[in-house]
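To start, the structure itself, in structure tokens.
The values are calculated or read from the model by the stated rules, or taken from the named source; none is laboratory data. Fair warning: this is a prediction, and the values are worked out from it, not measured in the lab. Neighbour counts are summed over all protein chains in view; Cβ atoms, including those assigned to glycine, are modelled from backbone coordinates with ideal geometry.
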């Protein structure tokens, strides 16, 4: 076998850098999967292909991902930090693929320690001798706070599994119509429907409890199904202000998570 000098092998890291936080197993298993899928797969848009991680002054961690059409946000409390870890209010942008690799460690025992080297522009995840190293993204993350609605005129509660089944059924009829799924929100139900001239139309009723105005909105079926498959909880709350404004999905009794999807304009 032809070989080269070991000195030519790239040095992934010479020093770990500063320890910035510790992620426990629950965050790896339950919280990160709710966020990662919303990041863009297009590496030509570096900021959107990353996961924003922000250490807040209260010690909590804000994790955000968006591809421009949807956004996932989670505020979580990491394992208690040691006294020397005082550097709060720090923000860094990590490639989503690095975070995906980190979630593989969820089956291992022990917490994941996270180190960052500003000088080397790198981030390092370590657990029980396993080390994952990546470069931080040097780009400006979108101002996501601007697009998150602060109020709603329609709030409806439904069972995730029932809604997931309804969207899957209607998605078959939406394949030739840009994957458009329509929600017709009534007081005690949501009518999920899809219509394609060449195939036909289909609608499924999902039991729901609505507070506020009855409303209509349309989404890309793929975005809905990916969101439902990455959220474990069953009790979902959907909020909206209008057919052309973002729709917000939340977990009942969990104010720390939201998933936002941009709607699709449809002709009546």
- Six or more apart or on different chains, Cβ under 6 Å: which pairs go from a residue in the range 175-190 that's assigned by TED's automatic domain parsing to the domain that holds residue 212 to one that's surrounded by fewer than 17 Cβ atoms within 10 Å (Cβ to Cβ) and part of a loop (DSSP other than H, G, I, E, B)? Could you list them? 176/198; 185/214; 186/214
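Looking at 177, 229, 203 in this structure, which one is surrounded by fewer than 21 Cβ atoms within 10 Å (Cβ to Cβ), over 30 Å from residue 75 (Cα atoms) and in contact with a helix residue (DSSP H, G or I) (Cβ under 9 Å, 6 or more places away or on another chain)?
On the way: 177 fails: in contact with a helix residue (DSSP H, G or I) (Cβ under 9 Å, 6 or more places away or on another chain); 229 fails: over 30 Å from residue 75 (Cα atoms).
From the options 177, 229, 203, the qualifying one is 203.
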- Positions within the range 52-70 being within 12 Å of residue 144 (Cα to Cα), touching a residue at least 40 places away in the same chain (Cβ under 8 Å) and either crowded, with 19+ Cβ neighbours inside 10 Å or out of contact with any strand residue (DSSP E or B) (no Cβ under 8 Å at 6 or more places or on another chain) (or both), in sequence order: 52, 64, 66, 68, 70
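Return the residue satisfying two criteria in turn: it lies in the range 147-165 and is in a helix (DSSP H, G or I) and more than 17 Å from the chain's Cα centre (by Cα), and of such residues it is surrounded by the most Cβ atoms within 10 Å (Cβ to Cβ). Give the steps one after another, and end with the answer.
Taking the range 147-165 and keeping what is in a helix (DSSP H, G or I), we get 147, 160-165.
Subsequent filtering for residues that are more than 17 Å from the chain's Cα centre (by Cα) retains 161-165.
Details: 161: 11, 162: 18, 163: 23, 164: 19, 165: 15.
Top of the filtered list is 163.
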- Note on the structure: Reported set for the range 238-250 where residues are buried (at least 20 other Cβ atoms within 10 Å of the Cβ) and over 14 Å from residue 71 (Cα atoms) is 238, 239, 240
- Message: Could you check the range 180-200 and list, in sequence order, the residues that are closer than 19 Å to residue 252 by Cα and crowded, with 16+ Cβ neighbours inside 10 Å?
- Response: 185, 189, 190
- Per the filter on the range 127-143, residues over 23 Å from the mean Cα position of the chain (by Cα), at negative phi and surrounded by fewer than 19 Cβ atoms within 10 Å (Cβ to Cβ) are 130, 131
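I'd like to verify a number: residues in the range 35-51 that are out of contact with any strand residue (DSSP E or B) (no Cβ under 6 Å at 6 or more places or on another chain) and in a helix (DSSP H, G or I), how many?
Residues meeting the conditions: 5.
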- Residue by residue through the range 192-243, note down the ones that are within 23 Å of residue 149 (Cβ to Cβ), without any contact (Cβ under 8 Å) to a residue 60 or more places away in the chain and part of a strand (DSSP E or B). 192, 206, 208, 209, 210, 211, 216, 217, 218, 219
- Enumerate the pairs (first residue in the range 149-169 and in the same structural domain as residue 213 (by TED's automatic domain parsing) and at negative phi; second residue anywhere and assigned to a helix (DSSP H, G or I) and loosely packed, with under 15 Cβ neighbours inside 10 Å) with beta-carbon separation below 8 Å, excluding pairs fewer than 6 apart on the same chain, so at least 6 apart or on different chains. 164/229
- Counting only residues that are in contact with a helix residue (DSSP H, G or I) (Cβ under 8 Å, 6 or more places away or on another chain) and either modelled with pLDDT under 90 or in the same structural domain as residue 21 (by TED's automatic domain parsing) (or both), give me the strands (runs of 3 or more DSSP E) lying completely in the range 79-130 with at least 3 of them. 122-127
- Message: Being surrounded by 15 or more Cβ atoms within 10 Å (Cβ to Cβ), closer than 18 Å to residue 98 by Cα and in contact with a helix residue (DSSP H, G or I) (Cβ under 8 Å, 6 or more places away or on another chain) narrows it down to one residue among 36, 20; which is it?
- Response: 36
- Query: Hey, among the residues in the range 206-221 that are surrounded by 15 or more Cβ atoms within 10 Å (Cβ to Cβ) and over 22 Å from residue 176 (Cα atoms), which one's farthest from the chain's Cα centre (by Cα)?
  - Reply: 212
